[in-house]
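J.: Take this structure first; my questions come after.
Only the coordinates and a few stated rules stand behind these numbers; no lab work does. Just so you know, these numbers come straight off a predicted model, no measurement behind them. Glycine gets a Cβ as well: all are built from the backbone with ideal geometry, and neighbour counts include every protein chain shown.
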Ligand SMILES: C[S@@+](CC[C@H](N)C(=O)[O-])C[C@H]1O[C@@H](n2cnc3c(N)ncnc32)[C@H](O)[C@@H]1O
Ligand code: SF4
Ligand code: SF4
């Protein structure tokens, strides 16, 4: 794939201040071959112009600069679909102590020894495909079974739970539990403030039923399901706002994870948080947020909050 010309390249890289960020995410491209119903990337308020690209050498150099300046240990390679820029991503992963490639799996599963591939599937086939596209479940399943085995790549399947697919949580686990994967994670939908997609629950109390079902599947498959029960308990309506806040004021990711989006002019631009600009913190379902809060409570190293 040939990169489009870079427009209005800024004279100097964007300055994100001087603080440490133990973790960061980078949208290596705004391009994607899918259009999932819940995707935050393509919301109007976010930097997502497909032509705003940075060539591979420049992006790797920028990431190295930012890693050294902000002491970034853990990097999430995302997009759009990061595997559209596979060569870049495969060079980038070894620049960080812990890298995760978050992919839709339609371009195969990369071999990244010592690192993680987070593979997105949103339920059993009959629920996943209306969200991710016809034939996507089968294609991703083929990718999983064709992947290079025993190469020290950790492959985790992630389901984003919304009202569109909540009915399929248990069925999904039954369908993928014998696949050659290292685990399953769940996260709940992150809505916008005036979300009218119908994907979110009426309120946090309404969402509690889903959290209870996740706790139940964790109890059934304690090794396969990677969520921690104490973290899931923190997502419940009686305490969730203590970890997010109405406007993100309690969110542990805001000051510790740097979101690098492809911005205007082909330079990195940061958004309000990893989920973009217009987000409803009071109803945020990001497992990473609650897991970070859990790790803070336990006094763990911030760069290891992903697990
Ligand atoms: C934006 S995608 C980018 C990487 C890749 N294209 C993929 O689908 O995995 C990263 C992850 O965010 C999830 N995601 C997208 N929109 C979301 C939302 N509104 N709330 C929670 N997670 C979301 C996706 O399902 C995916 O697992
Ligand atoms: S594959 Fe990923 S980036 Fe593309 S639309 Fe779906 S969630 Fe968004
Ligand atoms: S939407 Fe979630 S991750 Fe983003 S700032 Fe708000 S609480 Fe944090």
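J.: Is it possible to state the helix-based mean residue ellipticity at 222 nm for the chain, with each DSSP H run of 4+ residues giving -39500 (n - 2.57), the sum divided by total residues, to the nearest 500 deg cm²/dmol? What is it?
T.: Dividing the helical sum by the residues of the chain leaves -8500 deg cm²/dmol.
J.: Sorted by mean Cβ packing within 10 Å, highest first, what order do the peptides 62-68, 78-84 take? Could the numbers behind the result be given before it?
T.: Values: 62-68: 16.1, 78-84: 22.7.
Order by mean packing, descending: 78-84, 62-68.
J.: Of all alpha-carbon pairs in segment 155-218, indicate the percentage at a distance above 20 angstrom.
T.: Counting pairs separated by more than 20 Å, the tail of P(r) holds 30 percent.
J.: Starting from the Cα of residue 282, step 7 Å along the direction of its Cβ; do the same at residue 64; then give the gap between the two resulting points in nm.
T.: Each label point lies 7 Å from its Cα, and together they span 4.7 nm.
J.: Between residue 14 and residue 95, what length in nm is gained on full extension when 0.36 nm per residue of separation is reduced by their alpha carbon distance?
T.: Computed gain between residue 14 and residue 95 is 27.2 nm.
J.: Let me ask you something else. Between residue 45 and residue 177, what's the calculated FRET efficiency when r is the beta-carbon distance and R0 is 45 Å? Round to 0.05.
T.: 0.75
J.: Please state the relative contact order of segment 23-304 as a whole percent: Cα pairs under 8 Å, 6+ residues apart?
T.: Numbers: 507 pairs, mean separation 60.3, N = 282.
About 21 percent, as a whole number.
J.: Using only alpha-carbon positions, what ratio does the radius of gyration of segment 23-304 give when scaled by 2.2 N^0.38 Å?
T.: For segment 23-304, the normalised Cα radius of gyration is 0.95.
J.: If the viscosity is 0.890 mPa s and the temperature 25 °C, what translational diffusion coefficient in µm²/s does Stokes-Einstein give for segment 45-198 when Rh comes from Kirkwood over Cα pairs?
T.: For these conditions, the coefficient is 145 µm²/s.
J.: Using only the alpha carbon atoms of segment 59-101, find the Kirkwood hydrodynamic radius as the inverse mean reciprocal pair distance, in angstroms to one decimal.
T.: This gives a value of 10.5 Å.
J.: Need the full-extension length gain, residue 223 to residue 272, defined as separation in residues times 0.36 nm minus the C-alpha distance. One decimal, nm.
T.: 14.2 nm
J.: Set the Förster distance to 30 Å, then compute FRET efficiency between residue 202 and residue 149 from the Cβ-Cβ distance, nearest 0.05.
T.: Efficiency, rounded to the nearest 0.05: 0.10.
J.: Report for segment 23-304 the percent antiparallel among DSSP-assigned beta bridges with both residues inside it, nearest 5.
T.: 10 percent
J.: Which of 201, 179 has the fewest other C-beta atoms within 10 Å, and how do the rest follow up to the most?
T.: Ranked by crowding around the Cβ, least crowded first: 179, 201.
J.: Can you tell me the length gained on complete extension of the stretch residue 34 to residue 249, counting 0.36 nm per residue apart and subtracting the Cα distance?
T.: 74.1 nm
J.: Still on this structure, please answer the following. Neighbour counts of other C-beta atoms within 10 Å: give me 294, 287, 221 arranged from fewest to most.
T.: Final ranking by Cβ density, sparse to dense: 221, 294, 287.
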